[in-house]
1. Go through 124, 13 for me and flag whichever is touching a Ser or Thr at 6+ places or on another chain (Cβ under 9 Å), buried (at least 23 other Cβ atoms within 10 Å of the Cβ) and either at positive phi or of a type in the set (Val, Ile, Thr) (or both).
2. Starting from residues that are of a type in the set (A, V, I, L, M, F, W, C) and crowded, with 18+ Cβ neighbours inside 10 Å, keep the ones in region 295-316 and report whichever is modelled with the lowest pLDDT.
3. Pick from 93, 121, 68: which is free of Cβ contacts under 8 Å to residues at least 12 places away in the same chain and of a type in the set (A, V, I, L, M)?
4. Hey, does region 171-193 have a residue that's touching a residue at least 40 places away in the same chain (Cβ under 8 Å), among the acidic types (Asp, Glu) and part of a loop (DSSP other than H, G, I, E, B)?
5. Step by step: first the residues of region 191-226, then only those that are of a type in the set (D, E, K, R) and at pLDDT below 95, then the one that is farthest from residue 178 (Cα to Cα). Which residue is that?
6. Within region 334-358, track down each residue that is within 17 Å of residue 219 (Cα to Cα) and either surrounded by fewer than 12 Cβ atoms within 10 Å (Cβ to Cβ) or free of Cβ contacts under 8 Å to residues at least 60 places away in the same chain (or both).
7. I'd like to check something: does region 237-248 contain any residue that is touching a strand residue (DSSP E or B) at 6+ places or on another chain (Cβ under 6 Å), surrounded by fewer than 17 Cβ atoms within 10 Å (Cβ to Cβ) and at pLDDT below 95?
8. With respect to residue 68, is the statement that it is touching a strand residue (DSSP E or B) at 6+ places or on another chain (Cβ under 7 Å), in the same structural domain as residue 126 (by TED's automatic domain parsing) and either more than 27 Å from residue 134 (Cβ to Cβ) or not charged (D, E, K, R) (or both) true?
Amino acid sequence: MIEENCGCMKKKILVSTGGGDCPGLNAVIRGIVKRAYKEDGWEIYGCIESFNGILKDEVEIVELTPAVVSGIHVKGGTIIKTTNKGGPFHYPVQQSDGSWIMEDRSELMKKRFKNMGFDAVINIGGDGSQRISLALCQMGIPVVGVPKTIDNDLSCTDVTFGFQTAVQIATEALDKLVTTAESHNRIFILEVMGRDAGWIALHTAVAGGAEVCIIPEIKYDPAKILEKINTRYNHNEGFCNIVIAEGATSLDGKVTGKDPTAIGDSHIKLGGVGDKLKFELEQLGVEHDIRVMVLGHLQRGGIPTAYDRILATQFGVKAFELVKESAFGRMVTFHHHNISSVPLEKALEKPNLIDPENNYLVKAAKGTGIVFGD
């Protein structure tokens, strides 16, 4: 913990990890700290549970030293915790009658940020987190953003750390389903993450040799999928593997999920589209045994791949260097094998979605016979 008005002459950076956890977050934190301590006069602090650490009535902020971050690059999750609930502009506060309201605590954050002697914020997170970065920057708080999402749906960066690990986990799962599907003459539906973008599903389908890939960018027709299934069976002999993103929709255009119930969380809880597809296929007369596997949060956990550790470390180093240069209001990017940065406004202009007509991997997938249900 640190005290207000500590009188410390060193420059201080507050680091936050927001949104869903992601393999590689700890590698970013380590990269920031190790790069900062190569310079004189810098201290790094972690804000526990995203910005909630500085917004709580009892502030929760911890110092991050080289000793604290030693070896954390191989660990999943984030040592400073994360959350997708609350935030500076919508902080949940319980009333005396037990009800909850959303309170704007952004001015409180700005005051505490100043009183604690912080010079900058490095905010690691996805689209929602970077919109908070932009809003804070517009309030006068010096912010640098680091893109984080396993969905790979942030524009201006070719790839985000955590994505490759998620694809690896999903591909290993599909590899296992292929063998059991073949052994039992079954249809397996693997539901993977991907709210608006189908990058995980697409890469997993190609890497794992699926017969069908269903992504949010292409509305699927169950009848088209049935046509593919029929080519995989000779009477009752055969099998078929389908990868579907959680945000995929059939021709009705309805996303499958539940309204949020957690206080401060406004996101629809996606899930169940695999079961929906199973029902649709059975309604069309499919009699083969269909099983659904929802991979869920397994894709977020565990040890990050070497690729993600390297990318995350580069992001952390670059983020500190942007702070050192006072290049605030920018987000770190990876573009054409170069680590650079762009203004936050540009980073948030549009999401990074798959172009069904022109994407090279969609073309390659169709070239190998993978069906997308269109």
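The values are calculated or read from the model by the stated rules, or taken from the named source; none is laboratory data. Bear in mind that the values here come from a model prediction, so they are computed numbers and not experimental data. Glycine also receives a Cβ, built like all others from the backbone with ideal geometry; neighbour counts cover every protein chain displayed.
1. 124
2. The initial filter retains those residues of region 295-316 that are of a type in the set (A, V, I, L, M, F, W, C), namely 295, 298, 303, 306, 310-312, 315.
Filter again for crowded, with 18+ Cβ neighbours inside 10 Å, leaving 295, 311-312, 315.
Working: 295: 92, 311: 97, 312: 97, 315: 98.
Across region 295-316, the extreme among qualifying residues is 295.
3. Details: 121 fails: free of Cβ contacts under 8 Å to residues at least 12 places away in the same chain; 68 fails: free of Cβ contacts under 8 Å to residues at least 12 places away in the same chain.
Step by step, each of 93, 121, 68 is checked, and only 93 is free of Cβ contacts under 8 Å to residues at least 12 places away in the same chain and of a type in the set (A, V, I, L, M).
4. To start, the set of residues in region 171-193 that are touching a residue at least 40 places away in the same chain (Cβ under 8 Å) comprises 173-174, 177-178, 181-182, 184-193.
From what's left, among the acidic types (Asp, Glu): 182, 191.
The next check asks that each one be part of a loop (DSSP other than H, G, I, E, B); those that pass are none.
Taking every residue of region 171-193 in turn, none turns out to be touching a residue at least 40 places away in the same chain (Cβ under 8 Å), among the acidic types (Asp, Glu) and part of a loop (DSSP other than H, G, I, E, B).
5. Step one: list which residues in region 191-226 are of a type in the set (D, E, K, R), which gives 191, 195-196, 211, 217, 219, 221, 224.
If we keep only those that are at pLDDT below 95 too, we end up with 195-196.
Details: 195: 25, 196: 26 Å.
The extreme case among them is 196.
6. In the first step, residues of region 334-358 are kept if they are within 17 Å of residue 219 (Cα to Cα); the result is 353-358.
Listed by number, the residues that qualify are 355, 357, 358.
7. no
8. Details: touching a strand residue (DSSP E or B) at 6+ places or on another chain (Cβ under 7 Å): no; in the same structural domain as residue 126 (by TED's automatic domain parsing): yes; either more than 27 Å from residue 134 (Cβ to Cβ) or not charged (D, E, K, R) (or both): yes.
Considered against the rule, which asks whether it is touching a strand residue (DSSP E or B) at 6+ places or on another chain (Cβ under 7 Å), in the same structural domain as residue 126 (by TED's automatic domain parsing) and either more than 27 Å from residue 134 (Cβ to Cβ) or not charged (D, E, K, R) (or both), residue 68 comes out as no.
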